[in-house]
Amino acid sequence: MFKNALYYQEEKESYKAKVLSCLPLCGKEKATWEKRVGKSFPALFLLRLSEEPFYPEGGGQAPDKGTIDGAELLFAENVEDKYIVHLLEKGIPEGKEVLCKVDYAYRRRQSENHSGEHIFAGLISSRFGYSNVGFHMELTAENPHITVDFNGELSEEALSELELAVNAVIRRNLPVEEKYVEKQESEEQESKEQESGGSNSEKSSEKLTGEELPIGSLEQGKKTIEFRQKKALSGVIRVVSIPGVDSCACCGTHVKRTGEIGLFKLLSFERHRGGTRVFLLSGELAFLDTQKKEKLLFKVSRKLSTDYQSISERVDKLKEQTEEERGRRIALSLQAVELLGNRYKKEQFIQKRADFTGKPFLGEGLEYYGNKNLAVFHFPDFEMILLNKACESLKSYVDTDFFCFSRRGEQEWQFAGAGQAGFLERFKKWKEEGRFSGGGKEEMLQGRFRGSREELKDWIDSVE
């Protein structure tokens with residue numbers, strides 16, 4: 001954390017700085033950085049600058065984006081709170097004055113979301129006593145979001161009320177303040193702690209384990225400053241506060257007033273490690289997400305010929321109709337299976353177990369094909385559950401090993417199969433040939449066959 005860093009002091013899109021050093025990377029060090037960035041480069045360099053215009057990765061927040069002397073900033077990292085290194089794919093001479101341009105739109109989105117998270121986590125801490133034990137911002141993905149983990153369970157009703165409360169704080173347009181304090185207690189403070197049975201930090205830490213200390217308490221002059229924190233801190237600590245709402249040790253960037261956030265939205269939540277994982281967005285990204293969903297809502301509304309308020313009811317009715325249609329389709333499909341089974345058994349009786357049964361395999365309609373050792377039935381557009389039902393039904397008509405196939409593409413078929421003693425062992429040998437996948441028991445197995453219709457027919461003809 002750098003108290004005098006430009007990313008804390010000024011809101012500008014460009015700065016001038018001098019290059020203090022430029023180190024070319026090679027070997028394992030270069031490979032390590034490439035892995036972090038997720039891309040390979042012909043060359044990489046680490047720069048140190050005389051100023052700190054770019055926020056480095058830290059506190060769950062990604063580093064700033066921008067350019068240095070026209071070259072894209074690939075990454076910025078804080079090195080033990082001593083200096084910041086900037087990763088570029090071009091070298092810049094030491095001592096050169098360079099123009100640093102910050103992608104302020106990206107910085108703004110990070111600040112809006114980080115500030116929104118502070119209000120949310122602060123309200124949860126004060127109302128429920130839960131701590132934020134995990135925080136990550138993913139703002140450049142196709143579906144941007146923030147992930148926050150809390151060490152307690154939150155209901156859907158409670159989260160809905162919290163969403164309203166956060167937006168109420170935003171509308172109040174409260175100041176977002178920062179203070180820098182030293183992690184040092186006076187003898188008088190220590191004496192008071194001993195008399196009272198321990199500091200606020202100690203009392204709170206009893207509820208958690210390890211370094212999860214939700215409350216810090218520092219003596220600053222004659223005033224005690226309390227704040228949330230996720231781990232033990234030392235030295236100069238930056239505390240970001242919203243009067244009456246939250247106070248938290250944090251190195252990230254923030255808006256100046258809560259009104260600048262604009263909007264806070266909860267996206268979803270789930271149970272996670274005995275607590276709650278919440279997905280959320282703030283600011284411009286929250287608006288864009290809401291706009292996208294609203295457009296989708298009205299699009300569905302028009303397609304269903306109903307107003308958006310009745311969509312849920314309309315979807316329920318469509319689901320009921322779909323289930324009824326599916327039931328009728330299954331019943332008709334099983335009738336077709338019975339007819340095909342009867343036809344197969346009749347031909348077997350007439351031909352008295354001829355070497356081959358049925359017509360040459362076309363794989364287009366309801367048909368069967370095979371020999372005295374294997375029969376193959378084809379059912380177009382049957383899903384796996386129907387193939388299993390068909391297989392079960394055909395057991396009363398077929399007294400040899402058999403498969404029920406349905407095409408899934410030009411080069412793929414899915415199947416269910418059943419057979420006599422030794423069928424599973426035969427199937428394992430066929431799998432070794434490379435076209436089959438799947439498994440099960442002799443009574444019923446299922447899987448996939450990869451190949452064209454001609455290749456499937458050739459395989460059937462070759463089976464002994």
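The values are calculated or read from the model by the stated rules, or taken from the named source; none is laboratory data. All values reported here derive from a predicted model rather than from experimental measurement. Heads up, the Cβs are rebuilt from the backbone with ideal geometry, glycines too, and the neighbour counts pull from every protein chain shown. When the accessible area is computed, the model is the full protein with side chains, heavy atoms only, and any ligands, DNA or RNA have been set aside. Shrake-Rupley method; radii C 1.70, N 1.55, O 1.52, S 1.80 Å.
Over 27 Å between C-alpha atoms is what I'm after, so list which of K35/K90; K395/K428; K35/K293; K35/K179; K265/K299 land there.
K35/K293; K35/K179
Can you tell me the accessible area per residue over segment 305-464, all protein chains present, probe 1.4 angstrom, in square angstrom?
58 Å²
Which order do Y397, Y83, Y7 take when ranked by solvent-accessible area (1.4 Å probe, heavy atoms of all protein chains), largest first?
Largest to smallest exposure gives the sequence Y83, Y397, Y7.
What net charge is computed for the residues neighbouring E163, neighbours being all others with C-beta under 14 Å from the C-beta of E163, Lys and Arg scored +1, Asp and Glu -1?
Residues near E163 contribute -2 overall.
Can you tally the net charge around R435? Count Lys and Arg as +1, Asp and Glu as -1, for every other residue whose Cβ sits under 11 Å from the Cβ of R435.
Net local charge, R435 excluded: -2.
Under 16 Å from a label point 7 Å along Cα→Cβ of R273: give me every residue in segment 108-138 with its amide N that close.
Label zone hits: 130-137.
Rounded, prolate or oblate for segment 132-181? Axes are the square roots of the Cα gyration tensor eigenvalues, ordered a ≥ b ≥ c, and the cut-off for rounded is a/c under 1.5.
rounded
Can you give me the solvent accessible area of T253 with a 1.4 Å probe, rounded to the nearest 10 Å²?
Rounded to the nearest 10, the figure is 10 Å².
Which length gain, in nm to one decimal place, applies between V37 and S50 when the Cα-Cα distance is subtracted from 0.36 nm times their residue separation?
Extending this stretch completely gives an extra 2.3 nm.
Quote the convex hull volume per residue of segment 281-429, based on C-alpha atoms, as a whole number of Å³.
With only Cα atoms used, segment 281-429 gives 191 Å³ per residue.
Compute the acute angle (0 to 90°) between the alpha-carbon long axis of helix 104-128 and the principal axis of greatest extent of the alpha-carbon atoms of the chain; round to the nearest 10°.
Compared with the principal axis, the helix lies near 90 degrees.
Report the full-extension gain for the segment L297 to D381: residue separation times 0.36 nm, less the Cα-Cα distance, to one decimal in nm.
Full extension from L297 to D381 adds 27.1 nm.
Of the accessible area of segment 402-464, with the probe set at 1.4 angstrom, what percent is carbon plus sulfur?
Heavy-atom surface of segment 402-464 belonging to carbon and sulfur, 1.4 Å probe: 42 percent.
Quick one: helix 311-351 against the long Cα principal axis of the chain, what's the angle to the nearest 10°, folded into 0 to 90?
30 degrees
So what is Rg over Rh here for the chain, counting just Cα atoms and using Kirkwood for Rh?
My calculation puts Rg/Rh at 1.18.
How do H272, H136 rank by accessible surface area computed with a 1.4 Å probe, from largest to smallest?
The ranking, largest first, comes out as H136, H272.
Place a point 7 Å from the Cα of S312 along the Cα-to-Cβ direction; which residues of segment 244-283 have their backbone N under 18 Å from it?
Only 266-269 fall inside the zone, counting backbone N under 18 Å.
Cα-based Rg (one decimal) and Dmax (whole number) for segment 1-147, in Å?
Cα radius of gyration and Dmax of segment 1-147 are 16.8, 54 Å respectively.
Percent of Cα-Cα pairs more than 11 Å apart in segment 1-47, please.
74 percent
Loop only by DSSP, 10 or fewer other Cβ within 10 Å of the Cβ. Give me the GluC sites (Glu not before Pro) in segment 288-386 that pass, ordered by residue number.
The qualifying sites are E364.
How many nm is it between the label spots at E182 and E410, if each spot is 7 Å from the Cα in line with the beta carbon?
Those two pseudo-labels are separated by 7.6 nm.
Could you give the length gained on full extension between K441 and E11, defined as 0.36 nm per residue of separation minus the Cα-Cα distance, in nm?
My answer for the length gained is 148.0 nm.
For every other residue with a beta carbon closer than 13 angstrom to the beta carbon of K265, add +1 if it is Lys or Arg and -1 if Asp or Glu, then tell me the sum.
Within the 13 Å Cβ shell, the charges total -4.
Find the accessible area per residue for segment 38-103; the probe is 1.4 Å, ligands and nucleic acids are left out, and the unit is Å².
45 Å²
Quick check on the chain: helices-only [θ] at 222 nm, where DSSP H runs of length 4 and up contribute -39,500 (n - 2.57) each and the sum goes over total residues. Nearest 500, please.
My calculation for the chain gives -11500 deg cm²/dmol from helical runs alone.
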